[in-house]
Amino acid sequence: MSMPQPRLSVPLDRAAYVQLLTDHYPWTEVTVDLAARQAEGLSGIFDAQQGPDWARFVWVRGTLRGGFTAAGDVTWPLAMNALPRAQVTLVPLAPAVAELVWASRTGSPQPQATHWPELQADLERQRFAGVLLHDGTCSFWEGGRAIGGTLPASGAACQTLSQLGGGAVGQAALLAFWRELIATAHRVTPLDEAWRQVSMRLADEHPCLDPFAQEVTVQGGQLRVEPELELAEVQPALLGGFQATLARLGLRLADLPITELRARPEWAAAGLETP
């Protein structure tokens, strides 16, 4: 397993408190307060720092994803014992941003050949989901759009941390997610015919959807994708095709039994709730 990242910088504009000393705000009170916030559906990060040592904990929609340090994952009792006189910071975040902070903790930053702002067009086209790192700050992305953080200065060299870790493993996970989502929707309302009609309409924009090419097909609610297709081409096509199919059928995401799918890291990478 790769080493966790140094802590990503998060916007402090919504911070509940910043660098409070546990001498004055004891760990016992911190713990009680966080439990109450967790019950109310907290999404955000909690940082504790003592000298050079630190621990970060991440919540998403009231669920504690876990904690980590520079050396690896850590539990709450261990962090309290290791950092008895810490400075503590709590920052509520949008759920998607909190999820990205957690998902990125073990990623390896990938340098990008293109500098900002030219890079933005590439990220939009790829429907990038992840973190864009630059000059000690970062921005958080979902579906090719920035959803938080600080954008780079013009001319900045950037690195990316993909939500799915990139590579073949990330691609396989995302396609498996789409297969499950489409099958789930099909069980609610058969969608083969609507998918075929939508694919014909969108084929100019997304050539891989062309029903005659048979590169991306849905039959009996089963998604099939030609293995040699690039994810950068397939992902936007699947998103466009799925959203248009739901619209044609008069369905909304809220009508589908997708609670478990929403909890998966691929949800954000699929771009389904991008504003």
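The values are calculated or read from the model by the stated rules, or taken from the named source; none is laboratory data. Just so you know, these numbers come straight off a predicted model, no measurement behind them. Neighbour counts run over all protein chains shown; Cβ positions are idealised from the backbone, glycine included. Areas reflect the complete protein model, heavy atoms only, side chains present, ligands, DNA and RNA absent. Shrake-Rupley method; radii C 1.70, N 1.55, O 1.52, S 1.80 Å.
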Next on the checklist: Can you name every one of the helices (runs of 4 or more DSSP H) wholly within region 183-275 that holds 3 or more residues which are closer than 27 Å to residue 60 by Cβ and hydrophobic (A, V, I, L, M, F, W, C)?
Outcome noted: 231-249, 266-270
Checklist entry - Can you name the condition, by its number, that residue 77 falls short on among (1) surrounded by 18 or more Cβ atoms within 10 Å (Cβ to Cβ); (2) over 19 Å from residue 10 (Cβ atoms)? => result (1)
Checklist entry - Quick one: how many residues across region 31-49 are outside any loop (DSSP other than H, G, I, E, B) and surrounded by fewer than 17 Cβ atoms within 10 Å (Cβ to Cβ)? => result 8
Checklist entry - Restricting the search to region 242-275, which residues are closer than 22 Å to residue 219 by Cβ and of a type in the set (Phe, Trp, Tyr)? => result 242
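For every residue, the table says whether it meets (1) of a type in the set (A, V, I, L, M); (2) in contact with a strand residue (DSSP E or B) (Cβ under 9 Å, 6 or more places away or on another chain); (3) under 21 Å from residue 267 (Cα atoms); (4) at pLDDT below 95.
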site: 205; (1), (2), (3), (4): no, no, no, yes
site: 212; (1), (2), (3), (4): no, no, no, yes
site: 223; (1), (2), (3), (4): yes, yes, yes, no
site: 229; (1), (2), (3), (4): yes, yes, yes, yes
site: 232; (1), (2), (3), (4): yes, no, yes, yes
site: 237; (1), (2), (3), (4): yes, yes, yes, yes
site: 241; (1), (2), (3), (4): no, yes, yes, no
site: 245; (1), (2), (3), (4): no, yes, yes, no
site: 251; (1), (2), (3), (4): yes, no, yes, yes
Next on the checklist: modelled with pLDDT under 95 and farther than 22 Å from residue 138 by Cβ: which single residue out of 63, 106 fits that description?
Outcome noted: 63
Next on the checklist: Take the residues in region 80-104 that are in a loop (DSSP other than H, G, I, E, B) and over 30 Å from residue 271 (Cα atoms); name whichever of them is most open to solvent (accessible area, probe 1.4 Å).
Outcome noted: 85
Next on the checklist: Condition check: of a type outside the set (Lys, Arg), farther than 28 Å from residue 257 by Cα and outside any helix (DSSP H, G or I). Does residue 116 satisfy that?
Outcome noted: yes
Checklist entry - Can you name the residue in region 221-260 that is under 22 Å from the mean Cα position of the chain (by Cα), small (Gly, Ala, Ser) and open to solvent by less than 10 Å² (accessible area, probe 1.4 Å) and is also farthest from residue 189 (Cα to Cα) among such residues? => result 237
Checklist entry - Among the residues of region 196-224, how many are closer than 19 Å to residue 272 by Cα, out of contact with any Lys or Arg (no Cβ under 9 Å at 6 or more places or on another chain) and touching a residue at least 40 places away in the same chain (Cβ under 8 Å)? => result 2
Next on the checklist: For the list (1) open to solvent by less than 40 Å² (accessible area, probe 1.4 Å); (2) assigned to a strand (DSSP E or B), I need the number of the one condition that residue 156 fails.
Outcome noted: (2)
Checklist entry - Applying the selection to region 179-193, what residues are without any contact (Cβ under 8 Å) to a residue 60 or more places away in the chain and open to solvent by less than 10 Å² (accessible area, probe 1.4 Å)? => result 191
